[in-house]
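Let me begin by presenting the structure, written as structure tokens, before commenting on it.
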Amino acid sequence: MPILAITAITSGVLVLLGWFTLPVRIVLLISIGIATVHSYIRASSSSSRGDADVSREVRRTKWEGSHTDVPRGHGVRFLTEFILSRVEGFEMTKGVGAAAALLAAIMILWSSGTTDPIRSPWSIVPAPFFFLYALMAVVAVVRSTPRTSYFLLLTSSSVAILVYPLGFGFDHFIHAAAERIIATTGALSPPPLFYSGHYGLTILLADLLPWVDVALADRLLAPILTIALLVPLAYRSLSTVLPEREALLGTSSLLIVPFLPLAVSTPQATANIFALATVLLLLSITGIVVRGTASPPVSFNGIVQRRTIPYDDTSRDAVKRMTMPDGEVGARPQLGAVPLLTALAAFLSQPMTGIIAIAVVAMTFAWQRGWRILSAAVAILGAIGIPLAFAIAGRIIPNLDLLVTFNPLPAMQRLGTALADVVRITAVDFSTADALTIARIILPLLWFGLAVGGARALAHQSTPKNQVAIRKPRPLGKYGNSFLLIAPPLIALVAAALVAATVMVPTQLGEEQSQFPLRLVQLAVLLATPLVSIGLGTVLDRVRGRLPQLAAAVAIGAAATFTLLLAYPRDDAQARSGLWSVSADDIAAVHAIAEDAGDARYVVLANQMLGAAAIREFGFRPAHTVANSSLITRNSSLEILAFPLPAGGPIARKYWEYVTSETPTRAPIDAAMDLVNADRAYVVLHSYWRNYERLAAATATLADTEIGSFTHLRVFRLTHQR
């Protein structure tokens, strides 16, 4: 964890400074390798020294019964009638089924991949995939092993990678283009002030895997970080407050996080991972070591090897003799500066998320030392700091299109509209669309309920006969133990409300103004994961009997499947996404336009996904320098891309004006050419656009000619009439 956080910080700073050339990256990768090997050797030697002082026990985790009703070293697996083998080879065979299920799911997604424009992946992914995913989710709960959770999280991320071979969404293309420039030249102008940490890690990953290009590395980064970092860290952290079985069951909460904010790789997802890692690291501060099941496992290879405190030894000396896998002596690892490092890594990946992560670390630091008022003040400042940061950025960054004014009425209207959309259900015929719409209402309520349950469980923790409390912090009222876990999501929610009421981006369309508040709401949901994990683990641990346990596992499996379905765009009777994917026709069209234009100065009026295709192929070119325009705020000139980016930019707005007109005319097209002093314009109409036939007929009468022949779009060329 420290090495990864330091790598993100170092690479992010080098990207900002423009010093991220290939020789520098090679030196950095060699240093990372040396540090990793040194850390591994040190941990191994410390673990070996501790073997002489602690007893080792190999025991399997199970769900049936309680952790005291089964002889030590044995466990009764759910739906299993035989005594579990201690042979590691047997455990490897148990993993073959999960690996086979993962391979089958991957093959289904790969065979469903398409380069045609689609609104939703679920319109082409066959039904067997969902049954397989649900079955894997049930098995993940039943077996209570992280391995299946790894496979499920990998599968959820593979949807965006395999079903969309050209790229998913819109932001990915912009980030990948910026990363290509940095990988080639070592710098980006102007410096990427907001995403340098994500860019640095992506480029290092591409360097580390020579057969992976930068664009693919950008799509792989978040899934790799989630699987390699969050799942084991979640279990280690939960082990400080829960018995082993409850901790393992609690990690299943990662499968039902609303919106699945870690599934699709973006700078926001990378920052979310580091922010959640920060909260998980801080979780141990409120931890209670549970006798006999306190320490994290040595490995996740199926046979869980643990260093335990004997049941008949409750003394502090017994706990002090326990050696952790990382070599630290004591009941919990010494975190030191690691949470601050992960918070800084989040800040460099996405400052909005990083500010909250840093505030959480500072708040925890103050709370640990008994400075309760200061801790609360830091939490408040963390929420206020987000709109304040927007205001500062709008003043110091040239041509940053931001307005910070207190105007809560539009935000309340958008909130009301969003809530109405969430709870709105049209004619119900018990179809899959209806089930998804109902699940969209129930799943957040389930998440909230589990978070409340986790807060109550943590607040009411005591030290009964089967537990040993080690360095338990001074409580802050009835819910003192859960204060540090309740505060992070509350900070993010308050920040979301403040941003919604104060920040406006003029270049974004009306429905896109909620982008930043929505990201903060998703962050709040994610930061509640530790509480939800505690609540879920506590609830599932209390379920007794095979039939109730099977019902609970099926319920979690269904929740995980619906969460996956809701995480990606929908195209059904109840919800219809407005975001289409980049298609092969988009790629061919941008090349046809560039070839037809030659050296002429041109502008393209089209849907934003054509702009994404252009950035994928050409980077941030062609661009036109504009002077003496009302669009310019503090500089004497401004660059405007020839393609319609950003989505709410001047060229895109002219296109919107053209396609929404009852009687399309040349006026918006000529205005777009005048804006950048272009000689010609290209109007691209996609077949999925509303009123496509009418618009195509009208444009054909205005255009000089139509170029190319495409399945899903038409391209018209117009010459400026001066």
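Could you please find all residues in the range 116-135 being in contact (Cβ under 8 Å) with a residue 60 or more places away in the chain and assigned to a helix (DSSP H, G or I)?
121, 122, 123, 130, 133, 134, 135
Grab the helices (runs of 4 or more DSSP H) fully contained in the range 636-717, keeping just those with 3 or more residues being without any contact (Cβ under 8 Å) to a residue 60 or more places away in the chain and within 40 Å of the chain's Cα centre (by Cα).
Correct list: 650-659, 692-702.
Applying the selection to the range 540-552, what residues are of a type in the set (A, V, I, L, M) and within 16 Å of residue 239 (Cα to Cα)?
Once the filter is applied, which keeps residues that are of a type in the set (A, V, I, L, M) and within 16 Å of residue 239 (Cα to Cα), the range 540-552 yields only 540.
For residue 610, indicate whether it is crowded, with 21+ Cβ neighbours inside 10 Å and assigned by TED's automatic domain parsing to the domain that holds residue 131.
no
Looking at the range 439-465, which of the residues that are of a type in the set (Val, Ile, Thr) and modelled with pLDDT of 85 or more is nearest to residue 524 (Cα to Cα)?
Among those residues, the one meeting the criterion is 452.
State all residues of the range 102-129 that are surrounded by 17 or more Cβ atoms within 10 Å (Cβ to Cβ) and farther than 29 Å from residue 586 by Cβ; if no residue qualifies, say none.
Of everything in the range 102-129, just one residue is surrounded by 17 or more Cβ atoms within 10 Å (Cβ to Cβ) and farther than 29 Å from residue 586 by Cβ, namely 102.
Which one of these does residue 595 not meet: (1) under 30 Å from residue 708 (Cα atoms); (2) among the charged types (D, E, K, R); (3) part of a loop (DSSP other than H, G, I, E, B)?
(3)
Using beta carbons and a limit of 9 Å, which pairs, at least six apart or on different chains, have the first residue in the range 176-188 and under 14 Å from residue 24 (Cβ atoms) and assigned by TED's automatic domain parsing to the domain that holds residue 212 and the second one among the β-branched types (Val, Ile, Thr) and surrounded by fewer than 22 Cβ atoms within 10 Å (Cβ to Cβ)?
185/21; 186/21; 186/24; 187/21; 187/181
Of the residues 398, 387, which is part of a loop (DSSP other than H, G, I, E, B) and either closer than 30 Å to residue 648 by Cα or modelled with pLDDT of 90 or more (or both)?
Of the residues listed, the single one that is part of a loop (DSSP other than H, G, I, E, B) and either closer than 30 Å to residue 648 by Cα or modelled with pLDDT of 90 or more (or both) is 398.
Matching residues to (1) at pLDDT below 90; (2) touching a helix residue (DSSP H, G or I) at 6+ places or on another chain (Cβ under 8 Å); (3) closer than 25 Å to residue 282 by Cβ:
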site	(1), (2), (3)
480	yes, yes, yes
483	yes, yes, yes
494	no, yes, yes
514	yes, yes, no
524	no, yes, yes
528	no, yes, yes
532	no, yes, yes
543	yes, yes, no
546	yes, no, no
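Do we find a residue being within 21 Å of the chain's Cα centre (by Cα), hydrophobic (A, V, I, L, M, F, W, C) and surrounded by fewer than 24 Cβ atoms within 10 Å (Cβ to Cβ) anywhere in the range 533-555?
So far as the range 533-555 goes, no, none of its residues is within 21 Å of the chain's Cα centre (by Cα), hydrophobic (A, V, I, L, M, F, W, C) and surrounded by fewer than 24 Cβ atoms within 10 Å (Cβ to Cβ).
Output the residue which, of all residues in the range 683-722 that are touching a Leu at 6+ places or on another chain (Cβ under 6 Å) and β-branched (Val, Ile, Thr), is nearest to residue 658 (Cα to Cα).
683
Looking only at the range 596-617, which residues are acidic (Asp, Glu) and over 33 Å from the mean Cα position of the chain (by Cα)?
596, 599
Against the definition (over 30 Å from residue 614 (Cα atoms), surrounded by fewer than 23 Cβ atoms within 10 Å (Cβ to Cβ) and aromatic (Phe, Trp, Tyr)), how does residue 516 come out, yes or no? Give the derivation first.
Values: over 30 Å from residue 614 (Cα atoms): no; surrounded by fewer than 23 Cβ atoms within 10 Å (Cβ to Cβ): yes; aromatic (Phe, Trp, Tyr): yes.
Judged against the criteria, residue 516 is not a match.
Do you know which of the residues in the range 248-266 that are more than 21 Å from residue 562 (Cβ to Cβ) and either out of contact with any Pro (no Cβ under 9 Å at 6 or more places or on another chain) or of a type in the set (Ser, Thr, Tyr) (or both) is modelled with the lowest pLDDT? Don't jump to the end; show me each part of the working.
Taking the range 248-266 as the starting set, the residues that turn out to be more than 21 Å from residue 562 (Cβ to Cβ) are 248, 265-266.
Right, trim to either out of contact with any Pro (no Cβ under 9 Å at 6 or more places or on another chain) or of a type in the set (Ser, Thr, Tyr) (or both) and you get 265-266.
On the way: 265: 87, 266: 90.
In this case the residue turns out to be 265.
Sort out which residues of the range 150-166 are touching an Asp or Glu at 6+ places or on another chain (Cβ under 9 Å) and buried (at least 22 other Cβ atoms within 10 Å of the Cβ), and write them in order of number.
Correct list: empty.
Looking at (1) part of a loop (DSSP other than H, G, I, E, B); (2) surrounded by 22 or more Cβ atoms within 10 Å (Cβ to Cβ), which is the one condition that is false for residue 211?
Single failed check for residue 211: (2).
The values are calculated or read from the model by the stated rules, or taken from the named source; none is laboratory data. Since we're looking at a predicted model, the values are computed, not measured. Using ideal geometry, Cβ is built from the backbone for each residue, glycine included, and neighbour counts are taken over all protein chains shown.
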